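Engineer: Here it is: the structure, laid out below.
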Amino acid sequence: MAHPVVAFVVLVCLPILVYRYLKRRTALRRPPGPPGLSLLGNTFDVPAPNEYPWLKYHALCKQYGTEILRLNALGTKIVMIDTLRAAVELLDKRSSLYSDRFVSAQDSAGITEAWSTATTGASRKMTHRELHTGPMNKYRPVLLNNAHDFLRRLSSGRGTLVEHLKHAIGANVMKIAYDINVLPEDDPFVKLAEAGQQCIGRCTTGGVYLVEILPFLKYVPSWLPGAGFKRQAAIWREAAEKQLHVAYDDFLERMVTRSSKLGKAGHCMAQSLIDVYGIGDPVTEKHLRATTATVYLGGAETSASALHTFFLAMVLYPRLQAKAREELERVIGTNRLPTFDDFGSIPYIDALIKELLRWYPIVPLLMPHKLSEDDMYDGYFLEKGSLVMVNVWAILHDEARYPDPYTFNPDRFLKDGALDPDVFDSEDAAFGFGRRVCPG
């Protein structure tokens, strides 16, 4: 008799307990957000790539008067962070809950599979080792030499600004990562860096592709609406494979040649990592390939974005260009070009760089994080499994922190001729939050 009684109690009580649990969760206060349709939810509130998603998400946050916005697109729960306070509290202070990865355009294009080791602990340790200030100082002569070459090419009157920028960026990243001296024209490694830069730029801006919001799109045909990213997938996969192997294999070949001739290897990240971790073990080599590719692609993308923004700002604001030039001539004179030793003596230039990162962030919408446990913020319930994104553009255009935020104004970072420590440093937001912050 005991078993039927137990079974009856379980059958009666279990649904009641489940109902009470679900009712309690449903009753919890959730962040504000637009009302959704019965089945589709907020699918039509998710902006398309050409709608500048960071602008639309910020507008929704303004409309609902909230720091964090809630959306639900076909069951995918989205939390959009719009303020510095919320980003620091959730992604920095509670980083253990917000460090899981969500499906991204990279995953859906097959890039993550190709670079599966790039985000592991071992690879990130390698990356941090090479990108700390001390190790990076040894590459300053390379950066100065290529900067001077860029100025010579620019003043020659041949070619375009964009062409010269591509060459300069490719020359920097290839020399630093692999000790490759690029050709003056039509260098294959410069083209490789450019292709990788475009690939990374399109894949690493969060919220641009619907597949990040609706993961099932990974499995639909490329001709369907919302699956446009799949038409780029083959190109991205090919680019990812080339970034991993072409330049690294060239370095290994030159390393063997140098060894046979008892030559000395030049300074580069690949050589530095091999000196520390060795070579021969397949797993270690996989980490080395992923780390060096990540470093040079990250460097190419961030450099390209910042430099294009710089030239745009200087054209739009010639008065500020003249002010920066006046400081340079006053501090270093007119008989030489600036060097890294001049930093600290040119506060207006320092402020100008910070304003570049604020005015047009390199990544306006960070790659999605995934909430690994239920959480609460300011009385709002944040559900486990939610896709969490940070609107860096909104943070760096906060009118309370940066008055007249749409105007390019380096003086906002200055006080009495020096950098103002009371103004939030744009670099602290431009490169991300939490455990997935950009290491460089």
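Just so it is clear, none of the values below were taken in a lab; they were calculated from the coordinates. As the structure is a prediction and not an experimental result, all values here were calculated from the model. Note: ideal-geometry Cβ built from the backbone for every residue, glycine included; neighbour counts use all protein chains shown.
Engineer: How many nm separate the modelled label positions at Arg336 and Phe381, each set 7 Å beyond the Cα in the direction of the Cβ?
Structural biologist: 6.6
Engineer: Starting from the Cα of Lys166, draw a straight line to each of the aspartates and glutamates and keep only those under 19 Å, dropping any in the same chain fewer than 8 residues away.
Structural biologist: Asp149, Asp179, Glu185, Asp186, Asp187, Glu194, Glu301
Engineer: Taking other Cβ within 10 Å of each residue's Cβ, how do Glu355, Glu327 sort, fewest first?
Structural biologist: Numbers: Glu355 23, Glu327 16.
Lowest to highest Cβ neighbour count: Glu327, Glu355.
Engineer: Using a Förster distance of 41 Å, how high is the FRET efficiency between Ala306 and Leu40, based on the Cβ-Cβ distance and rounded to 0.05? List each step's numbers first, then the result.
Structural biologist: Numbers: r = 39 Å, r/R0 = 0.96.
The formula returns an efficiency of 0.55 here.
Engineer: Need one number: the % of Cα-Cα pairs in segment 388-438 sitting beyond the 15 Å mark. Working shown, then result.
Structural biologist: Working: 655 of 1275 pairs.
Value for segment 388-438: 51 percent of Cα pairs lie more than 15 Å apart.
Engineer: Order of Lys354, Lys62 from fewest to most other C-beta atoms within 10 Å? Before the final figure, lay out each step's value.
Structural biologist: Values: Lys354 22, Lys62 12.
By the 10 Å Cβ count, ascending: Lys62, Lys354.
Engineer: Also, quick follow-up: For segment 273-361, give the magnitude of the charge dipole about the Cα centre (Cβ charges: +1 Lys/Arg, -1 Asp/Glu; no others), in debye to the nearest 20. Display every interim value, and only then the final one.
Structural biologist: Values: 9 positive and 11 negative charges, 73 e Å.
Rounded to the nearest 20 debye, it is 360 debye.
Engineer: List every residue whose amide H lies under 5 Å from the amide H of Arg30, counting only residues 5 or more places away in sequence or on a different chain, with H placed 1.01 Å from N in the peptide plane.
Structural biologist: For Arg30, the qualifying residues are Phe381.
Engineer: Assuming R0 = 51 Å, what is the FRET efficiency of Arg85 and Glu253, from their Cβ-Cβ distance, to the nearest 0.05? Show your work: numbers first, answer last.
Structural biologist: Details: r = 52 Å, r/R0 = 1.01.
So, using R0 = 51 Å, E works out to roughly 0.50.
Engineer: Would you mind pulling out the separation of the Cα centroids of segment 326-340 and segment 341-375, in Å?
Structural biologist: Cα centroid of segment 326-340 versus Cα centroid of segment 341-375: 26 Å apart.
Engineer: Would you kindly derive the ³J(HN,Hα) couplings of segment 346-358 from the backbone phi angles with the Karplus curve 6.51 cos²θ - 1.76 cosθ + 1.60 (θ = phi - 60°), listing them in order in whole Hz, with x for Gly and Pro?
Structural biologist: 10, x, 5, 5, 4, 5, 4, 5, 4, 5, 4, 5, 7
Engineer: Sticking with this one: List the residues whose amide H sits under 5 Å from the amide H of Tyr377, counting only those 5 or more places along or on another chain, with H placed 1.01 Å from N in the peptide plane.
Structural biologist: Correct list: Leu382.
Engineer: Would you work out the charge dipole size for segment 323-413 about its Cα centre, treating the Cβ of every Lys and Arg as +1 and the Cβ of every Asp and Glu as -1, and quote it to the nearest 20 debye?
Structural biologist: Approximately 340 debye in magnitude.
Engineer: Considering only DSSP states other than H, G, I, E and B, which chymotrypsin sites (Phe, Trp or Tyr not before Pro) in segment 272-370 qualify as loop sites with at most 16 other Cβ atoms within 10 Å? All intermediate terms of the calculation are to be shown ahead of the outcome.
Structural biologist: On the way: sites: Tyr277, Tyr296, Phe310, Phe311, Phe340, Phe343, Tyr348, Trp359; in loops: Phe343.
Here the sparse-neighbourhood loop sites are Phe343.
Engineer: Something else about it: Taking a 32 Å limit on the Cα-Cα distance, which of the listed pairs Lys175/Lys218; Lys175/Lys384; Lys56/Lys370; Lys175/Lys286; Lys77/Lys286 fall beyond it?
Structural biologist: Numbers: Lys175/Lys218 37 Å; Lys175/Lys384 44 Å; Lys56/Lys370 21 Å; Lys175/Lys286 21 Å; Lys77/Lys286 35 Å.
Going by Cα-Cα distance, Lys175/Lys218; Lys175/Lys384; Lys77/Lys286 fall outside the 32 Å limit.
Engineer: Show me, for segment 314-319, the HN-Hα J-couplings you get by feeding each phi into the Karplus relation (A = 6.51, B = -1.76, C = 1.60, θ = phi - 60°), rounded to Hz, glycine and proline as x.
Structural biologist: Ordered by residue, 3J(HN,Hα) equals 5, 6, 6, 10, x, 5 Hz.
Engineer: For Ile353, Ile274, Ile68, what's the fewest-to-most ordering of other Cβ within 10 Å of each Cβ?
Structural biologist: Numbers: Ile353 16, Ile274 20, Ile68 23.
The most exposed by this proxy come first: Ile353, Ile274, Ile68.
Engineer: Dipole magnitude of segment 354-401 about its Cα centre, charges +1 at Lys/Arg Cβ and -1 at Asp/Glu Cβ only, in debye to the nearest 20?
Structural biologist: Working: 5 positive and 8 negative charges, 60 e Å.
Taking the Cα centre of segment 354-401 as origin, the dipole is about 280 debye.
Engineer: Scan around Asp100 for amide H atoms under 5 Å from its own, H built in the peptide plane at 1.01 Å from N, and keep only partners 5 or more places away or cross-chain.
Structural biologist: Here the answer is Lys370, Ser372, since their amide H atoms fall under 5 Å of that of Asp100.
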